Structures are given as C-alpha cells and as structure tokens.
1. Is it the case that Arg73 is at pLDDT below 55 and of a type outside the set (S, T, N, Q)?
2. Give the residues of the stretch 70-114 that are among the small types (Gly, Ala, Ser) and without any contact (Cβ under 8 Å) to a residue 12 or more places away in the chain, sorted by residue number.
3. State which residue pairs qualify: first residue within 19 Å of Ala6 (Cα to Cα) and inside the stretch 39-61, second residue polar (S, T, N, Q) and open to solvent by less than 50 Å² (accessible area, probe 1.4 Å) in any location, beta carbons under 7 Å apart, and separation of 6 or more residues or different chains.
4. What residue, of Leu31, Leu50, Leu22, Leu40, is assigned to a strand (DSSP E or B) and either open to solvent by less than 70 Å² (accessible area, probe 1.4 Å) or at pLDDT 90 or above (or both)?
5. Among the numbered criteria (1) assigned to a helix (DSSP H, G or I); (2) at pLDDT below 85; (3) open to solvent by 70 Å² or more (accessible area, probe 1.4 Å); (4) of a type outside the set (S, T, N, Q), which single criterion is violated by Glu66?
6. Scan the stretch 37-60 for residues that are under 17 Å from the mean Cα position of the chain (by Cα) and of a type in the set (A, V, I, L, M) and jot them down.
7. Filter the stretch 69-115 for residues that are under 18 Å from Ala29 (Cα atoms) and out of contact with any helix residue (DSSP H, G or I) (no Cβ under 8 Å at 6 or more places or on another chain); which is surrounded by the most Cβ atoms within 10 Å (Cβ to Cβ)?
8. Quick check on my filter: what residues within the stretch 53-63 are open to solvent by 30 Å² or more (accessible area, probe 1.4 Å) and in contact with a strand residue (DSSP E or B) (Cβ under 9 Å, 6 or more places away or on another chain)?
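The values are calculated or read from the model by the stated rules, or taken from the named source; none is laboratory data. Note that the structure is a prediction, hence the values are computed from the model and not measured. Glycine also receives a Cβ, built like all others from the backbone with ideal geometry; neighbour counts cover every protein chain displayed. The protein model used for the area step is the full one, side chains on, heavy atoms only, and it has no ligands, DNA or RNA in it. Shrake-Rupley method; radii C 1.70, N 1.55, O 1.52, S 1.80 Å.
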Amino acid sequence: FHHVPADAGAARALARLAAGYLPAPLAGAELPPDSIDVLLAPGEAAFRELTGGRAPDWGLAVAFPELRRVVLRSPRLTGSQDVDPATVLRHELNHVYVALAAGGSGAAPRWFSEGFAAVYANEWRWGGPGRPAWGRAIRSMNPLSGVREGLPAPPPPGLAHAPRHGPGGGRPPRG
C-alpha cells in the first residue's frame with residue numbers, strides 16, 4: 001500500500017482486508033504470486049495523475065490489471081459518499097484477479113469482469129424484494145421508453161436503487 005501519512009489509518013484497515021483476499025471462485029485457480037500495488041490518491045490531482053485521467057469523475061478507483069495496480073481515491077476525499085472503501089477495493093482487486101485468471105488484461109470480456117467484480121465485492125444487491133415492487137406500485141420505476149426522452153427525475157428517498165432493477169435495467173452504482 002502506498003499512501004501519504006494522513007491516510008495511514010485507512011491504508012492499514014484496507015491492507016488487513018486485502019491480505020489473503022481472493023474471490024471464492026478463484027480460490028483453486030493457479031494464479032501468479034499475489035503482489036498487487038494499491039495506491040491511495042491523497043487528492044483529486046493525484047488521482048487524475050495516477051490514473052492517467054482514465055477514471056470518470058464519479059469513479060472512486062481504477063484497476064490496472066496489466067500493471068497489477070489499483071488506484072483508489074483516499075477515503076478522506078469520498079467521506080460524504082455512502083460508499084464503503086473496502087467494497088471499492090474488493091471490486092478493483094476482483095478486476096485484477098479476473099485478468100490474472102483469464103490470462104491477461106482484456107482476456108475476459110468487460111461485461112464479465114464488471115459483473116464478477118460487482119458480485120464478489122458484495123455490491124450487487126437488490127435491497128430486498130419489496131423495494132422494486134414498491135417502486136412499481138407508486139409508479140417510480142423508469143420505463144425503457146423514457147431513455148429516449150433524457151435522464152429521469154430522481155426517485156423518492158429510499159428507492160434510489162429500485163428503478164435500476166426494473167424495466168429500465170442497468171447495474172447498481174459502484175465505487
């Protein structure tokens with residue numbers, strides 16, 4: 001883990017999580033020795049520099065499987081967002097492990113890598129079966145036809161993720 005002194009506590013906590021972490025389906029795979037660099041970017045400029053500007057403005061981290069590297073925004077920068085840094089780290093580590101298991105970066109289709117990373121980081125949840133049903137009952141689901149008309153209005157509080165699981169499809173937000 002590479003970090004500035006202000007991120008030492010977060011780096012220690014994330015390093016404990018990462019130590020020995022391997023997604024369950026890859027537990028028996030013959031992977032190269034585990035050596036992945038994790039860099040905690042202390043500021044937005046450092047994050048842009050470390051990622052080469054490849055991350056969208058909402059992206060909290062980027063994996064570089066070919067370099068065996070993960071770059072995360074410091075939890076100090078993302079503190080106001082309802083995102084667990086451990087989940088973000090697991091998601092990005094999963095990208096690296098999928099690439100290693102598949103034989104290199106780009107060997108697995110992107111849809112597979114993203115789905116695998118989300119599922120095994122434990123971020124792909126429905127939020128309970130009642131939430132999408134409630135969203136449909138109060139007509140807050142976004143119909144697919146609405147995509148042609150632009151972005152929909154935000155859903156009522158507590159149903160923020162339900163529309164993503166309805167007819168409009170999509171995947172839950174990730175770190």
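1. The answer is no for Arg73.
2. Of everything in the stretch 70-114, those that are among the small types (Gly, Ala, Ser) and without any contact (Cβ under 8 Å) to a residue 12 or more places away in the chain turn out to be Gly79, Ser80, Ala102, Gly103, Gly106, Ala107, Ala108.
3. Pairs that qualify, where the first residue is within 19 Å of Ala6 (Cα to Cα) and the partner is polar (S, T, N, Q) and open to solvent by less than 50 Å² (accessible area, probe 1.4 Å), are Leu40/Ser74; Ala41/Ser74; Pro42/Ser74; Leu60/Thr78.
4. Residue meeting the stated conditions: Leu40.
5. Checking Glu66 against (1) assigned to a helix (DSSP H, G or I); (2) at pLDDT below 85; (3) open to solvent by 70 Å² or more (accessible area, probe 1.4 Å); (4) of a type outside the set (S, T, N, Q), the one that fails is (2).
6. Val38, Leu39, Leu40, Ala41, Ala55, Leu60
7. Among those that are under 18 Å from Ala29 (Cα atoms) and out of contact with any helix residue (DSSP H, G or I) (no Cβ under 8 Å at 6 or more places or on another chain), it is Ala102.
8. If the condition is that a residue be open to solvent by 30 Å² or more (accessible area, probe 1.4 Å) and in contact with a strand residue (DSSP E or B) (Cβ under 9 Å, 6 or more places away or on another chain), then Arg54 is the only one that fits.
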